[in-house]
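Written below as structure tokens is the structure these notes are about.
The values are calculated or read from the model by the stated rules, or taken from the named source; none is laboratory data. In this text the structure is predicted, and so the values were computed from the model without any measurement. Don't worry about glycine lacking a Cβ; one is built from the backbone with ideal geometry, like all the others, and counts go over all protein chains shown.
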Amino acid sequence: MILPGFPDAAPLAGLVGGVLIGLAASVMLLGLGRIAGVSGIAARATGISGEGMPRSGAWMFVLGLPMGAAIVAGLSNGIEASFAGPVVLIVAGLLVGIGTRLGSGCTSGHGVCGVSRLSQRSLVATGTFMIAGIATVAVMNALGLDVLR
Amino acid sequence: MIARLIAPLVSGTLFGAGLALGGMTNPARVRGFLDLFGEWDPTLAFVMGGAMIVMAIAWRVQLRLSNPIFAEGFALPDRTDLTAKLVGGSALFGIGWGIAGLCPGPGIAALVIEPALAAIFVAAMLVGMGLAQISQRSS
């Protein structure tokens with residue numbers, strides 16, 4: 001399916017992928033009574049955070065993420081990905097790690113779970129990281145910084 | 001109880017599959033979505049939309065349950081205070097997200113797609129999380 005005006009967009013794959021993410025978060029909510037927030041669960045699994053679900057369950061969720069991606073990669077002819085280089089990834093990773101802990105969540109916990117619940121904190125957090133992300137890309141493009149390989 | 005291990009594994013696997021299918025494990029796709037003033041790629045709006053539709057229903061169902069299916073009691077965030085930490089942290093996260101086009105879930109899922117580079121991102125992210133945790137303990 002091609003979106004008029006956006007030949008590179010993949011709306012159908014995006015929608016189906018989004019439904020899978022919604023189902024994943026539903027299993028976490030209705031099955032275990034918790035928010036499927038990846039940053040919080042990753043911090044819990046690694047012992048960085050002492051709060052949240054049992055560590056064994058947190059590890060199972062974290063292990064599932066690459067498993068799910070591997071299944072999709074196996075069923076399709078690999079998955080396209082162009083990454084930034086190591087130095088950029090280290091800077092970005094540090095910011096993402098610090099920011100998600102201070103901000104109590106990321107795109108999954110705030111963006112998917114919190115916004116769909118109309119949580120005031122999540123709406124503010126999501127608005128903030130969206131604006132920051134858009135501004136960052138705009139500034140980098142204006143400076144001619146092309147970081148992806 | 002085995003369901004308390006199987007349920008999060010199923011959730012994580014569905015999540016990872018959705019991220020990969022939706023293009024979120026490709027930083028070029030994510031940065032294209034954030035490139036609102038350039039060559040905008042709306043794909044991730046469809047990802048968010050699909051997830052929202054399902055979760056809006058799940059929250060409706062949740063209201064009717066007194067307990068989750070495999071656990072005793074719901075453990076959901078109940079804070080409503082808007083703090084500088086929430087906004088500042090989210091801004092830092094957004095900057096990092098914009099720089100490399102990766103957030104935590106896709107970073108971890110991409111360990112099987114672009115192993116070495118994803119591992120560098122995830123390792124740096126965990127260091128960042130640890131630093132934030134230490135700074136919060138000492139303040």
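Every residue, every condition in (1) over 17 Å from the mean Cα position of the chain (by Cα); (2) closer than 16 Å to A:GLY99 by Cβ; (3) in a helix (DSSP H, G or I); (4) touching a residue at least 40 places away in the same chain (Cβ under 8 Å), yes or no:
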| residue | (1), (2), (3), (4) |
| --- | --- |
| B:LEU86 | no, yes, yes, no |
| B:SER90 | no, yes, yes, no |
| B:TRP97 | no, yes, yes, yes |
| B:GLY105 | no, yes, yes, yes |
| B:ALA110 | no, no, yes, yes |
| B:MET125 | no, yes, yes, no |
| B:MET129 | no, yes, yes, no |
| B:SER135 | yes, yes, yes, no |
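Across segment A:89-105, what is the total count of residues that are within 7 Å of chain B (Cβ to nearest Cβ) and either part of a loop (DSSP other than H, G, I, E, B) or out of contact with any helix residue (DSSP H, G or I) (no Cβ under 6 Å at 6 or more places or on another chain) (or both)? Lay out the reasoning, then the answer.
As a first pass, look at segment A:89-105 and keep what is within 7 Å of chain B (Cβ to nearest Cβ): A:89-104.
Those left that are additionally either part of a loop (DSSP other than H, G, I, E, B) or out of contact with any helix residue (DSSP H, G or I) (no Cβ under 6 Å at 6 or more places or on another chain) (or both): A:91, A:103-104.
Total meeting the criteria: 3.
The residues in segment B:1-44 that are more than 23 Å from A:ILE71 (Cα to Cα), in a helix (DSSP H, G or I) and either at the interface with chain A (Cβ under 7 Å from one of its Cβ atoms) or of a type in the set (Gly, Ala, Ser) (or both) can be counted, and the count is 3.
Look at B:PRO104 and say whether it is at pLDDT 95 or above, buried (at least 24 other Cβ atoms within 10 Å of the Cβ) and within 13 Å of A:GLY133 (Cα to Cα). Quick ask: steps written out before the conclusion?
Numbers: at pLDDT 95 or above: yes; buried (at least 24 other Cβ atoms within 10 Å of the Cβ): yes; within 13 Å of A:GLY133 (Cα to Cα): no.
So B:PRO104 fails the test.
Going through (1) closer than 26 Å to A:ARG121 by Cα; (2) surrounded by 16 or more Cβ atoms within 10 Å (Cβ to Cβ) one by one, B:LEU82 falls short only on (2). Annotation: A:ALA25 fulfils all but one of (1) buried (at least 24 other Cβ atoms within 10 Å of the Cβ); (2) under 27 Å from A:GLY99 (Cβ atoms); (3) touching a strand residue (DSSP E or B) at 6+ places or on another chain (Cβ under 6 Å); the unmet one is (3).
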